[in-house]
Structures are given as structure tokens and as C-alpha cells.
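Below is one structure, written out as C-alpha cells; the observations come after it.
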Amino acid sequence: MSVPASTGSDAAVRSRRESLGFALGVAAVIALAAALGLRDLGSPGLYYDEAIQAVPAAEFLRASARPFELPGTWNARIAGRWFPVLTQPYMGALKSQLLIPVFAAFGASVESLRAATFGFGLLGLGLAMLFARSLLGTPVALVGGLLLAVDPAFLLVSRHDWGSFSLGLACRCGGLWLAVTGFERRSAARLAGAGLAFGVCVYNKLDAVAFLAAAACAIVLVAPRAVGERLRRRPGEFGALAACLLLGAAPLLPSAWKTLRYLNRAFRMDSGVAHDLPEKLSTWSTLFDGSHFERLMLAGGRFEALSSVEGAVASLFLPALVASAVAVAAGLAVRRPWQRVERAQAFVLATLVLAIAGLLAMPGAVRIHHALNVTPLPQLVVACAVVDLWRRAGRARASAVGRALLALALAALVASELRADLATLAEIRDHGGRGRWSDALGAFAHELEAEPTGPVVSLDWGFHAQLSLLAPELDLREPIWAMRPATGGFQMEGPPGTVYLVQDPRYHLFPFGDELLAAVSRLPEGAVSIRGHADRSGENAFFSIRIDRPHRLVRREVVEIVLE
């Protein structure tokens, strides 16, 4: 039967209006996120894990004779410069590579670093909305995008990006969008693109495997017949996806066994699932209630102290997510047989549950940048529930009342997230960070640049990477990786004017700083000067210890200073 021309014309008009509305919605959502996340980019001070992927890009542009090195890094010599390949055995240097043109154009600074990484996060936000629209429809995409744009974890971890979250989000959401549209259009090219995006996501950070495995299991669970039929009839599409995934992850593959051994040592993978479960549960709870980053600021950058922090502003997202997951699951249970919409909702919910389970089981995945691998699925689950309730309310007698209440509930949720955002941004602006994550080190770096001294030696985690970006012309040294007991004895010559940096005892990770403070207390008067460096809250963040005579730093059981 033929379709009247007017009907086809009306459908085309509606499609164009929907596309225009979606485009405007995406622009508004990205503008909102940018207005929040691009404030006060210079605060707080630079964090060690922010800097470790920025320094190799700056070193590449400076054509440094030696690359920036951490245990497990890999740099390749290209055209007389050190090109970063791996930041850690489990994390590729994709971010470092992309920062090279950014720093070439705008200079290597805290502001350019954070603007670029937040830009990657905004790209991920846009791709998340494209994925949501292709799978769940425009209303869910717009609501989910709004919730993600005001999510404190997304905003602040994107901007201060450690664990390379921003690029992981962009690769993950880009791969999901290409995969959904590729399967719908039977496009091997799009599926190859999806595989490449997923592979680069794994190269960016190995923990992306948990999400990809969860998504693969979820699609088999919710649509087993469709998957089996597609495998039989069009195996080349899956082959293209798998081959390109391996291609994207290729830089990590040669060292896969070495990486597993490294992870086993670093994260005690043989200790079982439960040994770090309480810390993981605390991370997930503060991630979903929006208080994680503010707690981290109040705790002075000490992740291990988050649960003891009081006064952080929480949002309503955690109860909203739980209620929405229950509502979506209940709706799926009563709607049989499933159509495309139900299968899509089931896929999102199942992937979220399986990914959370996988990350809880993954040894060492205790930080927020691990948990954020589930983004944007939590926001999409809430959006699915909101859109379903809106449609049901429209079919009820008191539709206006039901929809008004639902709109108020959504507005309250968004307002609670905005409140958490603004509270965290105010803490950052007013105090410039605290403890390990403060602007005290940046201020000291400017002093060292103005009045050059001898070598600057970092005797704890939390100094060297930042100084390598902020003051690269200094003689910077970080011997802590060679001073651990497993390496045996250690000694280092210290010329006059050597400055040692150690964390305040509340913030130290290695014991060397406490040992050095004890050692220099035994030196003769006039040989050493000790200075505390406070953050803007007035609390001491770290100490600088200057020794004005030739000496040797020796460590066997503890650190000793031997004057020449």
C-alpha cells in the first residue's frame, strides 16, 4: 500500500525538527558543562597524577636528552625526540601524544593542560548523547546528557583528569555509538571504527576491559537469538570489530604478561577480591552521591581518608539511580515480549550491573577513575526511568499533575547536583586545594625559578612530576623508586645547596621523608635549614630541607646524611 505524500512529508518535517532539537540540546548541555568546568582552571595546584601524562608531551617539544621516566614507562626515539608510548604498564600514553599539539600551540601550562583534558571530556559528553540517541531515542539522550553535564564526578575528574578518564570516556562512547549504528545499518566500516575506538580505549587504560566485557555479555544476555543469527549470516562484521579492537590496543599487547606481573605486585592481585572491597564501596558511594571530589579536596588529596571527611555536599543522584534501576527492571519484567526499546533498556541496565560487578572484582580498582568506567550508563538508567514515567503520565487522567511532579523531581535532582558542583568549586577557589593537592608547591616552584639552588630532590611521591612541568630548567631528581628495601642499599651525592622535598607526615606515602627529618635533626647547627610550606588554609603541606654542605644521602635500613 502506498503512503500518502503528505504523510511522508510530515514525517520528514518531524525528523528534521527532532534533529534540530537534539543538536540544540547537545549545544546547550555542552555549554552548561563548560560554564561550570572551565572556572578557575589554575586552582587547585597541580596534582602528581595530572602531570605524569603532561610532562612527556612537554619533554617531546623541548627535545629533552632524557625522557620523563617512571617505573614501567616506555618512550620511543623518533626524529631525535622521545615519543611517549606507555605511561605505565597498564596505561598507554594517548593523552601525552594528544597534548603535544596542544602544548605546541598554547604552551605547557596548568591552564592549557586542564582546558585540553576538559575538552576531551566535553567530546565524550557529546558522543555519549549520540550513543544514547541512537540506542534509546532523543528524549533519553537529552535527559541523560543533562544529568551527565552537571554530575560533579564527570565535571571535576574530566578537568583534573588523572587515570586518563576524559579520553577513555570519549573512546568508549564513540565506540558505542559506532557499534549501535554499525549493527543497525549493517556497516562493516562503522563496526571497524567501533572496534578501533574500543581498542584505543583499552590502550588508553587497561581497566576499560571490564566495561567492554560487561557490554559483550549484556548484549548476549538480552538478545541471544539476534546475536547468534548475525554471527551466522554476517560474521565479517564481528571480525572487523574484533580485528580493529586488537589493532587499537596493539601497543599494550607485547607487554601483556609483564603488565600482569606488574599489576600482581602493585595491587596484590593474589590477595583476593575482598581485601579492598570496603574502599571500593566507599568510592562508589561517594561517586554516585556527588561528594567524592569535594571530600578529596577537604582531605588534602588523601583518597584513603575520604570516608572520614565531614561536611561534603551530597546530591540526590544515588537514591535516584537506585529508584530508577528498580523502576526500569520492574517495567522490563512486565513488558513481554520485548521490543527494540525494551531490549535497549535491558542492555544498558545489564551492562551497568555487570560492569560494576567486574570493577568491584578487579584488584586495585579502588579509585574514582576506575569506577567512572561505567559512565554514562548510570545517567542513562535514570533518564530511561524519567522518560518512561513521563510517557505513562501522559496516558493517565491527571496527566498534567503527574508530569508536573515528575518535572519538579527532575529539577530537584539537577539542582542538587549543581549545588554539589558549586560547593566543590567554591572550596577549590577559596583554598587553592589542601595538602598533597594544593597550590603551595606551585608557589615554591616560582621561588626556586627566581633563586636557583642546587639539585631539588623529591623524597616522597607528589613533587617531581609537577615540578618537571612547572620548573623544568631546575636540576630535578626523584630517587624514591630506587630507595625501596627490595633494591638493596642506596646512596646519592649531594652538593651544597641541595633541597630535599618531603611531605608533611599527614600526607606522606613513602617513609623516606620522616627518616630524613630524623636524620637532619642530628646534623650540626648551620648545616641545614628546614622550612614548612602551608596551603592557603594555613595547614602545612610539605617541608623543604636545604643542606648547605657537601654530603651523601645513604639508605640501608633508614635514611642517613653523611657530611663530607
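With PRO44, PRO89, PRO71, PRO67 as the choices, which residue is at pLDDT below 95 and in the same structural domain as PRO251 (by TED's automatic domain parsing)?
Being at pLDDT below 95 and in the same structural domain as PRO251 (by TED's automatic domain parsing) holds for just one of PRO44, PRO89, PRO71, PRO67, which is PRO44.
For residues in region 496-515 being assigned to a strand (DSSP E or B) and touching a helix residue (DSSP H, G or I) at 6+ places or on another chain (Cβ under 7 Å), which is surrounded by the most Cβ atoms within 10 Å (Cβ to Cβ)?
TYR500
When the residues of region 17-29 are narrowed to those that are surrounded by fewer than 18 Cβ atoms within 10 Å (Cβ to Cβ) and touching a residue at least 12 places away in the same chain (Cβ under 8 Å), which ends up nearest to the chain's Cα centre (by Cα)?
If we take residues in region 17-29 being surrounded by fewer than 18 Cβ atoms within 10 Å (Cβ to Cβ) and touching a residue at least 12 places away in the same chain (Cβ under 8 Å), then GLY21 is nearest to the chain's Cα centre (by Cα).
Which condition breaks for LEU422 when tested against (1) surrounded by fewer than 20 Cβ atoms within 10 Å (Cβ to Cβ); (2) more than 21 Å from the chain's Cα centre (by Cα)?
Unmet for LEU422, out of (1) surrounded by fewer than 20 Cβ atoms within 10 Å (Cβ to Cβ); (2) more than 21 Å from the chain's Cα centre (by Cα): (2).
Give the residues of region 137-166 that are closer than 29 Å to VAL341 by Cα and in a loop (DSSP other than H, G, I, E, B), sorted by residue number.
Residues satisfying the conditions are GLY137, VAL150, ASP151.
Output the residues belonging to region 281-294 that are part of a helix (DSSP H, G or I) and hydroxyl-bearing (Ser, Thr, Tyr).
Of region 281-294, the ones part of a helix (DSSP H, G or I) are 281-288, 292-294.
Hits for region 281-294 are SER282, THR283, SER285, THR286.
Residue by residue through region 295-341, note down the ones that are in a loop (DSSP other than H, G, I, E, B) and within 29 Å of ASP388 (Cβ to Cβ).
ALA314, SER315, LEU316, ARG335, ARG336, PRO337, TRP338, GLN339
To keep it simple, each residue is scored yes or no on (1) under 31 Å from the mean Cα position of the chain (by Cα); (2) assigned to a helix (DSSP H, G or I); (3) not assigned by TED's automatic domain parsing to the domain that holds LEU135.
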position: LEU206; (1), (2), (3): yes, no, no
position: PHE211; (1), (2), (3): yes, yes, no
position: ALA218; (1), (2), (3): yes, yes, no
position: ARG225; (1), (2), (3): no, yes, no
position: ARG230; (1), (2), (3): no, yes, no
position: LEU245; (1), (2), (3): yes, yes, no
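Among residues belonging to region 473-489 that are farther than 12 Å from SER458 by Cα and modelled with pLDDT of 90 or more, point out the one that is surrounded by the most Cβ atoms within 10 Å (Cβ to Cβ).
LEU474
Does GLU50 satisfy the condition of being in a helix (DSSP H, G or I), charged (D, E, K, R) and within 17 Å of the chain's Cα centre (by Cα)?
yes
Which of (1) under 21 Å from GLY248 (Cβ atoms); (2) without any contact (Cβ under 8 Å) to a residue 12 or more places away in the chain is the odd one out, the single condition GLY107 does not satisfy?
Looking at each condition in turn, GLY107 falls short on (1).
Across region 518-556, what is the number of residues that are in a loop (DSSP other than H, G, I, E, B) and touching a residue at least 60 places away in the same chain (Cβ under 8 Å)?
5
Any residue in region 65-92 that is over 20 Å from LEU476 (Cβ atoms) sitting within a Cβ distance under 8 Å of a residue that is charged (D, E, K, R) and in a strand (DSSP E or B)? List the pairs, counting only those 6 or more apart or interchain.
Pairs that qualify, where the first residue is over 20 Å from LEU476 (Cβ atoms) and the partner is charged (D, E, K, R) and in a strand (DSSP E or B), are PHE83/ARG77.
Could you tell me whether LEU24 is in contact with a Leu (Cβ under 8 Å, 6 or more places away or on another chain), at pLDDT 95 or above and part of a helix (DSSP H, G or I)?
No: the conditions fail for LEU24.
Please work out which residue is nearest to ASP475 (Cα to Cα), limiting yourself to region 397-429 and to residues that are at pLDDT below 90 and either of a type outside the set (D, E, K, R) or in a helix (DSSP H, G or I) (or both).
It comes out as GLY402.
Being more than 30 Å from ASP40 (Cα to Cα) and outside the structural domain of LEU298 (by TED's automatic domain parsing) is true for just one of GLU493, GLU447, GLU473. Which residue is that?
Among GLU493, GLU447, GLU473, only GLU493 is more than 30 Å from ASP40 (Cα to Cα) and outside the structural domain of LEU298 (by TED's automatic domain parsing).
Residue-wise test of (1) touching a Gly at 6+ places or on another chain (Cβ under 9 Å); (2) surrounded by fewer than 17 Cβ atoms within 10 Å (Cβ to Cβ); (3) not assigned by TED's automatic domain parsing to the domain that holds VAL150.
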{"residue": "LEU298", "(1), (2), (3)": "yes, no, no"}
{"residue": "LEU306", "(1), (2), (3)": "no, no, no"}
{"residue": "LEU321", "(1), (2), (3)": "no, no, no"}
{"residue": "ALA330", "(1), (2), (3)": "no, yes, no"}
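Given the conditions (1) over 30 Å from LEU422 (Cβ atoms); (2) surrounded by fewer than 16 Cβ atoms within 10 Å (Cβ to Cβ); (3) within 20 Å of the chain's Cα centre (by Cα), and given that ARG62 satisfies all but one, which numbered condition is not satisfied?
Answer for ARG62: the failing condition is (3).
Give all pairs with beta carbons closer than 9 Å in which a residue from region 319-346 that is free of Cβ contacts under 8 Å to residues at least 12 places away in the same chain and farther than 22 Å from ALA216 by Cα meets a residue that is part of a helix (DSSP H, G or I) and among the aromatic types (Phe, Trp, Tyr); count only pairs at least 6 apart in sequence or on separate chains.
VAL322/PHE288
Mind checking which pairs have a first residue in region 179-191 that is assigned to a helix (DSSP H, G or I) and a second that is of a type in the set (Ser, Thr, Tyr) and surrounded by 16 or more Cβ atoms within 10 Å (Cβ to Cβ), Cβ under 9 Å, 6 or more apart or different chains?
Once the first residue is assigned to a helix (DSSP H, G or I) and sits in region 179-191, its partners that are of a type in the set (Ser, Thr, Tyr) and surrounded by 16 or more Cβ atoms within 10 Å (Cβ to Cβ) give VAL180/SER134; THR181/SER134; THR181/SER187; GLU184/SER134; ARG190/THR181.
Is one or more of the residues making up region 379-396 touching a residue at least 24 places away in the same chain (Cβ under 8 Å), closer than 28 Å to TYR90 by Cα and part of a helix (DSSP H, G or I)?
Yes, region 379-396 has at least one match.
In region 227-236, which residues are in contact (Cβ under 8 Å) with a residue 12 or more places away in the chain and surrounded by 13 or more Cβ atoms within 10 Å (Cβ to Cβ)?
Start the filter on region 227-236 by keeping residues that are in contact (Cβ under 8 Å) with a residue 12 or more places away in the chain, which leaves 230, 234, 236.
The answer is ARG230, ARG234.
Any idea which residue in region 518-558 is nearest to MET483 (Cα to Cα), counting only those that are touching a strand residue (DSSP E or B) at 6+ places or on another chain (Cβ under 8 Å) and of a type in the set (S, T, N, Q)?
Residue satisfying both the conditions and the ranking: SER544.
The values are calculated or read from the model by the stated rules, or taken from the named source; none is laboratory data. Here the structure is a predicted model, which means the values were calculated and not measured. Cβ sites come from the backbone with ideal geometry, for glycine too, and all protein chains shown count toward neighbours.
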